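What follows is a set of notes on a single structure, which appears directly below.
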Amino acid sequence: MVKNIIMAGVGGQGIILASNIACGAFLQAGFDVKKSEIHGMAQRGGSVVSHIRFGDKVYSPVIPSGGAHIIVSFENMEFLRYSGFINAGTVLILNTRKIMPPAVAMGNAEYPSDTIDEWKKKFACVYEIDADKAAEEAGNIKAAGMPLLGELCKVLNMDKNIWEDVISASVPPKTTDVNIRAFRSGF
Amino acid sequence: MNKIMSGNEAFARGAFEAGVGFVSSYPGTPSTEITEFISKYGDIVSEWASNEKVAAEAALGASLAGRRAMTCMKHVGLNLASEPLMTGSYTGVNAGLVFIVADDPNMHSSQNEQDSRNYARFAKVPMLEPSDSQEAKDFTKLAFEISEKFSVPVIVRSETRVSHSMSVVSLGEQAEIFKKDFEKDTDKWVMVPANARRRHRAVEERLKCLQAYSGLLAKVEKGEGGYGVVCSGVAYQYVKEALPDACIFKPAMVWPLPMKEIAEFARTVGKLYVVEELDPIFETEIKAAGIDVEPLPRDLCGELSQDAVRALFNKELPETEEVCSELPVRPPNLCPGCSHRGIFYAMSRLKLFSFGDIGCYTLGLLPPLNAVNTTVCMGAGVSMAHGADRATNGDAAGKSVAVIGDSTFLHTGLAGLINSVYNKGVSTVVILDNRITGMTGHQPNPASGFTIKKEPAYAVKFPELCAAVGVKRIRVVDPFDVEECMRVLKEETEAKEVSVIITNRPCIFADRSVIKPSLAVNASKCTGCKICTRLGCPAITWDNSARKASIDPAMCTGCDLCMKVCRFSAIEKGEGRHG
C-alpha cells in the first residue's frame with residue numbers, strides 16, 4: 001500500500017522544507033519514500049507542488065491521477081490546481097491564508113472564493129487552519145509550514161516524536177523551539 | 001546507513017565516494033545542485049566555470065593531469081560543451097571523466113526538450129541512465145570505472161524527475177582522492193589529422209567493446225503477462241507501477257544498447273514493447289537490429305507518468321473529478337524588489353523591441369511589463385540584435401535593445417559584443433548586472449567577487465571590459481531611476497555606434513542589505529490610477545471594491561520603485577519590516 005500526499009502552495013512558503021521533513025519522518029518510521037517536485041523557479045511567487053509517496057515499496061516519484069490520500073494546501077486556493085488528484089476519500093488540510101495571484105493583484109481577475117467553497121465539499125474531510133497566525137503566535141510567521149505538518153502528522157496517526165526529531169535536525173538550531181511550538185499548535 | 005536524497009545530492013555523493021578530485025560546471029536547472037553539494041565536500045576542488053564548454057575542457061585537463069574529474073550541466077549546456085565532448089571522445093581520458101547531463105522533459109524550466117541520448121550516439125561515448133537516487137549514486141561511481149577501463153568520457157543522463165526527486169540511498173565510504181600520473185602522450189592528445197585518423201579507428205573499436213560490456217550491466221525482471229518492455233531511467237519506474245505483470249529489460253547503459261541481450265529477451269517474451277520519453281531512440285535502434293517492436297501511440301513531446309503508460313497499454317485509469325479549470329495562474333514572476341523591474345518599465349514605456357536572453361530577466365516578458373520579445377539561447381540576444389541591425393542598415397537598432405544578465409554576458413554574450421563592434425554595428429546592449437546568477441538559485445559568477453566556496457575572487461568590471469573590446473559609448477544607470485533610464489535608452493538607441501548600458505543594482509538575494517522597511521499605500525492619497533500595478537510587483541495588490549492599491553508588508557522589500565512612479569505621493573514609508 002502506497003500513501004500519496006500532495007503539498008501545494010506558492011514559491012517562498014517553505015513547501016520544499018516541509019516536504020523534506022515529511023519524507024524524513026516517513027523514512028524514520030520505516031517506510032520506503034519518494035518525493036518529486038518542480039522547483040526551478042520556486043522563489044518567484046509561482047505555484048509549487050510536491051508529490052510525496054510512502055509505503056512498502058514506491059516506484060514512480062509522481063502521484064497518479066485520482067490518487068491523493070491527503071492534499072496539504074499552503075494557500076487557500078492552491079489545492080484547486082490539483083483537483084485531478086482528488087478521489088472520494090481525499091482529505092484536505094487547508095491553510096486559510098490567501099496570496100493573490102498576479103492577475104487578481106492587478107485587478108484583472110477575481111480570487112476564486114466561490115469555487116473554493118464548492119470544491120471543499122468534494123473532500124472526505126477538510127481541516128482548516130490559519131497557519132500563518134498559528135506560526136506568528138508560536139514566534140515566527142515564517143514557520144507557517146509547521147502547523148500544517150502538525151495537522152498532517154495527526155491525520156496520519158503517526159508518532160509526533162519522530163516528526164519533532166526530524167524538524168529539530170532540519171531547521172537552523174536557533175529556530176528549533178519556534179518550529180516545534182508551531183508544529184505542536186497544529187497537532 | 002540510509003538517507004533520503006535528491007538525485008542531485010546522490011550524483012554528488014557518488015562522485016565523492018568515487019574519489020573525484022575536480023568538478024567544474026555552469027549552473028542550469030535541473031542540474032545546479034549537484035555541483036553545490038560537491039562544493040560542501042572539502043577535499044574536492046570545485047568551480048563555477050564561465051560556461052559549460054570551459055567547464056568540460058577544465059575537467060578534461062584535470063583528467064589528463066591524473067585526477068578523476070566531472071562536469072555537470074543541463075541538456076542545453078551540452079550543446080556548448082559538445083565541442084570538447086566530440087573530440088574528447090577521440091583523445092580519450094587519463095583519469096576518469098564524467099559528464100552529468102540533466103534533461104528536462106516537459107520543459108519545466110527550459111527553452112527546449114532535446115534528448116541528450118542523441119549526444120552519446122553522436123559522440124560515440126557510453127551513457128548511463130539512472131532511474132532513482134540510489135542508481136544516481138551507483139551509476140556515477142560506475143561511470144568513473146568505465147571511463148578509465150575504456151579510456152572514454154562517460155555521460156550520465158539525468159532528468160528533472162531524477163534530479164529533483166528524492167528517494168532512499170544507502171551510503172558508502174568516501175574514497176581517497178584518486179591520483180594517477182600526469183599523462184604526456186602526443187599521439188593520443190594532439191588531434192591533428194594523422195593522429196585523429198588513428199584515434200577514430202580506436203573509437204569505433206571501443207564502441208564494440210562497450211556494447212559487449214553494456215550487456216553485463218542490463219537487468220531482466222520476470223513477469224507473468226506474456227509480454228516484455230524495454231525501458232530505463234524514470235520511465236522504468238512508471239512501467240513498474242503501471243504494468244506489474246510485464247517482463248522488463250532495463251539497460252543501465254543506454255548507449256551503446258546491449259543489442260544481443262535485447263534480441264535474446266525479445267525471443268523469450270513474445271511481444272516486445274519499448275517505453276521511453278522524448279525521441280524514439282531505443283525503438284529505432286532495436287528495429288534497425290531486426291527485432292520486432294510492437295507499436296505504441298506514444299507522444300514524442302513531454303514527459304511520461306504511470307497514467308500515461310497505463311493509457312498506452314489500454315489499462316483502466318482511475319476515475320477522477322473533473323479538473324477545475326480557469327483558475328488565475330501564478331506564473332513565476334520577478335521578485336518584489338527585483339533590480340530589473342525599473343529599467344524594464346522604462347523599456348516598456350518607450351515600446352522598445354528587446355532581444356532577450358536566458359535568466360530571471362526572461363520573466364520581463366510577462367504582462368504588465370511585456371519587455372522581452374525574444375529568448376533563444378545563452379548569449380543570443382546580443383548577436384541577434386546585431387544581425388537585425390546590420391541587415392536593416394541600422395533601422396532595427398534605432399528601436400531595439402539586447403538585454404542580457406551579468407552571468408549570461410560572461411557565458412557567451414561577450415563574443416557577440418566583440419563581433420558587433422568589429423563589424424561596425426550600431427546596436428545597444430543592456431547588461432543587467434545584478435552580481436549573481438539569479439534564475440538557477442543565486443550562484444556566484446566571475447563578476448560576483450567570490451567563488452563557489454565563498455572565497456574572495458576578482459570581480460570582472462563591465463565598463464572596463466566593454467571599453468577594452470572597443471565600445472566607446474558606455475553608460476552606467478540606476479535601474480530604478482525610470483526617467484534617467486528612459487533618457488539613456490533613447491540616446492543610446494539613437495546613437496550611430498555600439499552602446500552598452502550597464503545597470504548597477506544587486507539582486508535582493510545577492511545583497512540582503514538592499515532590503516529596507518516595507519512601504520504602505522496612504523489610502524487618502526491613492527486616486528486609483530493603477531500606475532503602480534503596471535510595475536508587475538507581486539507585493540502590490542489592487543482592491544477592486546475599494547478602487548485602491550495596497551502593499552503586502554510581508555512581501556515588500558522597500559525598494560521605492562513604486563514610490564517613484566506614483567504621481568500622487570500616495571506611497572509612503574510603512575511601519576512593518578520585511579519578513
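Please list, ordered by residue number, the helices (runs of 4 or more DSSP H) wholly in region B:210-293 having 1 or more residues that are surrounded by fewer than 16 Cβ atoms within 10 Å (Cβ to Cβ) and either assigned by TED's automatic domain parsing to the domain that holds B:Phe122 or β-branched (Val, Ile, Thr) (or both). Lay out the reasoning, then the answer.
Working: elements: B:233-242, B:259-269, B:281-288.
Of the helices (runs of 4 or more DSSP H) lying wholly inside region B:210-293, those with at least 1 residues that are surrounded by fewer than 16 Cβ atoms within 10 Å (Cβ to Cβ) and either assigned by TED's automatic domain parsing to the domain that holds B:Phe122 or β-branched (Val, Ile, Thr) (or both) span B:259-269, B:281-288.
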request  = Go through region A:68-86 residue by residue and tally those that are open to solvent by 10 Å² or more (accessible area, probe 1.4 Å) and under 22 Å from B:Leu304 (Cβ atoms).
outcome  = 4
key: Residue in region B:161-170 that is in a loop (DSSP other than H, G, I, E, B), in contact with a His (Cβ under 7 Å, 6 or more places away or on another chain) and closer than 26 Å to B:Arg199 by Cα present   = no
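Any chance region B:502-521 includes a residue that's under 26 Å from the mean Cα position of the chain (by Cα), charged (D, E, K, R) and open to solvent by 60 Å² or more (accessible area, probe 1.4 Å)? Before the answer, list the steps.
We begin by selecting, within region B:502-521, every residue under 26 Å from the mean Cα position of the chain (by Cα); these are B:502-512.
Add one more test, that the residue is charged (D, E, K, R), and what stays is B:505, B:511-512.
Next, only the ones that are open to solvent by 60 Å² or more (accessible area, probe 1.4 Å) stay: B:505, B:512.
Yes; the residues of region B:502-521 include at least one that is under 26 Å from the mean Cα position of the chain (by Cα), charged (D, E, K, R) and open to solvent by 60 Å² or more (accessible area, probe 1.4 Å).
Specify the residue that is nearest to B:Leu334 (Cα to Cα); the eligible residues are those in region A:41-64 that are of a type in the set (S, T, N, Q) and at pLDDT below 95. Show your work before the answer.
Within region A:41-64, the first condition is being of a type in the set (S, T, N, Q), and the residues that meet it are A:43, A:47, A:50, A:60.
Remaining after also requiring at pLDDT below 95: A:43, A:47.
Details: A:Gln43: 9, A:Ser47: 14 Å.
The qualifying residue nearest to B:Leu334 (Cα to Cα) is A:Gln43.
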inquiry  = B:Ser109 - would you say it is more than 21 Å from B:Ser24 (Cα to Cα), hydroxyl-bearing (Ser, Thr, Tyr) and either modelled with pLDDT under 95 or touching a Phe, Trp or Tyr at 6+ places or on another chain (Cβ under 6 Å) (or both)?
reply    = yes
message = With the requirement that a residue be more than 14 Å from chain B (Cβ to nearest Cβ) and crowded, with 17+ Cβ neighbours inside 10 Å, what does region A:161-177 give you?
response = A:Trp163, A:Glu164, A:Ile167, A:Val171
Residues satisfying the stated conditions in region B:549-567, i.e. surrounded by fewer than 20 Cβ atoms within 10 Å (Cβ to Cβ) and not in a helix (DSSP H, G or I) = B:Ser550, B:Asp552, B:Pro553, B:Ala554, B:Asp560, B:Arg567
query = How about region A:101-154: which helices (runs of 4 or more DSSP H) wholly inside it have at least 1 residues that are surrounded by 20 or more Cβ atoms within 10 Å (Cβ to Cβ), out of contact with any helix residue (DSSP H, G or I) (no Cβ under 8 Å at 6 or more places or on another chain) and at the interface with chain B (Cβ under 8 Å from one of its Cβ atoms)?
reply = A:102-105
query = Got at least one residue in region B:479-494 being open to solvent by 10 Å² or more (accessible area, probe 1.4 Å), closer than 27 Å to B:Ala415 by Cβ and not hydroxyl-bearing (Ser, Thr, Tyr)?
reply = yes
query = Can you tell me which residues in region A:75-94 are touching a residue at least 60 places away in the same chain (Cβ under 8 Å) and more than 7 Å from every other protein chain (Cβ to nearest Cβ)?
reply = A:Glu75, A:Glu78, A:Phe79, A:Tyr82, A:Phe85, A:Val91, A:Ile93
request  = Determine whether region B:402-415 contains at least one residue that is over 22 Å from B:Ala371 (Cα atoms) and open to solvent by 50 Å² or more (accessible area, probe 1.4 Å).
outcome  = yes
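Just one of B:Ser158, B:Ser151 is modelled with pLDDT of 95 or more, open to solvent by less than 10 Å² (accessible area, probe 1.4 Å) and outside the structural domain of B:Val275 (by TED's automatic domain parsing); which is it? Can you show your working first?
Numbers: B:Ser151 fails: open to solvent by less than 10 Å² (accessible area, probe 1.4 Å).
Going through B:Ser158, B:Ser151 in turn, just one is modelled with pLDDT of 95 or more, open to solvent by less than 10 Å² (accessible area, probe 1.4 Å) and outside the structural domain of B:Val275 (by TED's automatic domain parsing): B:Ser158.
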ask   = Only one of (1) more than 14 Å from chain A (Cβ to nearest Cβ); (2) closer than 25 Å to B:Val76 by Cβ; (3) of a type outside the set (Lys, Arg) is not met by B:Gly359, so which one is it?
value = (1)
query = Restricting region B:335-355 to residues that are surrounded by fewer than 24 Cβ atoms within 10 Å (Cβ to Cβ) and part of a loop (DSSP other than H, G, I, E, B), which is nearest to the other protein chains (Cβ to nearest Cβ)?
reply = B:Lys351
task = Take region B:533-547 and flag every residue that is more than 9 Å from chain A (Cβ to nearest Cβ) and open to solvent by less than 60 Å² (accessible area, probe 1.4 Å).
result = B:Leu535, B:Ala546
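Restricting the search to region A:87-100, which residues are closer than 23 Å to A:Cys153 by Cα, touching a strand residue (DSSP E or B) at 6+ places or on another chain (Cβ under 8 Å) and either open to solvent by 30 Å² or more (accessible area, probe 1.4 Å) or modelled with pLDDT under 95 (or both)? So that I can check it myself, show each step before the final result.
We begin by selecting, within region A:87-100, every residue closer than 23 Å to A:Cys153 by Cα; these are A:87-97.
With the extra rule that they be touching a strand residue (DSSP E or B) at 6+ places or on another chain (Cβ under 8 Å), the set shrinks to A:90-96.
Scanning region A:87-100 gives a single hit, A:Thr96.
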query = Does B:Ala546 satisfy the condition of being over 24 Å from B:Ala397 (Cβ atoms) and in a strand (DSSP E or B)?
reply = no
message = Name the residue that is farthest from A:Trp119 (Cα to Cα), counting only residues in region B:304-320 that are within 8 Å of chain A (Cβ to nearest Cβ) and open to solvent by 60 Å² or more (accessible area, probe 1.4 Å).
response = B:Leu317
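Restricting attention to region B:509-531, which residues are at the interface with another protein chain (Cβ under 10 Å from one of its Cβ atoms) and either in contact with a helix residue (DSSP H, G or I) (Cβ under 9 Å, 6 or more places away or on another chain) or touching a residue at least 60 places away in the same chain (Cβ under 8 Å) (or both)?
Residues of region B:509-531 that are at the interface with another protein chain (Cβ under 10 Å from one of its Cβ atoms), as a first pass: B:509, B:528, B:530.
Within region B:509-531, B:Phe509 is the sole residue that qualifies.
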query = Looking at region B:367-391, which of the residues that are open to solvent by less than 40 Å² (accessible area, probe 1.4 Å) and within 14 Å of chain A (Cβ to nearest Cβ) is farthest from B:Lys53 (Cα to Cα)?
reply = B:Pro368
message = Among the listed residues B:Phe450, B:Phe462, identify the single one that is of a type in the set (A, V, I, L, M, F, W, C) and under 30 Å from B:Lys40 (Cβ atoms).
response = B:Phe450
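Tell me the residue from B:Lys179, B:Lys219, B:Lys208, B:Lys184 that is at pLDDT 95 or above, touching a Lys or Arg at 6+ places or on another chain (Cβ under 7 Å) and either at positive phi or more than 14 Å from chain A (Cβ to nearest Cβ) (or both), please.
Numbers: B:Lys179 fails: at pLDDT 95 or above; B:Lys208 fails: touching a Lys or Arg at 6+ places or on another chain (Cβ under 7 Å); B:Lys184 fails: touching a Lys or Arg at 6+ places or on another chain (Cβ under 7 Å).
Checking each option against the conditions leaves just B:Lys219.
Only one of these is open to solvent by 20 Å² or more (accessible area, probe 1.4 Å), in contact (Cβ under 8 Å) with a residue 40 or more places away in the chain and more than 30 Å from B:Arg310 (Cβ to Cβ): B:Ala194, B:Ala202. Name it.
Working: B:Ala194 fails: in contact (Cβ under 8 Å) with a residue 40 or more places away in the chain.
One residue alone meets the criteria, B:Ala202.
The values are calculated or read from the model by the stated rules, or taken from the named source; none is laboratory data. Bear in mind that the values here come from a model prediction, so they are computed numbers and not experimental data. Neighbour counts are summed over all protein chains in view; Cβ atoms, including those assigned to glycine, are modelled from backbone coordinates with ideal geometry. Just so you know, the surface numbers come from the protein's heavy atoms only, side chains and all, with ligands and any DNA or RNA stripped out. Shrake-Rupley method; radii C 1.70, N 1.55, O 1.52, S 1.80 Å.
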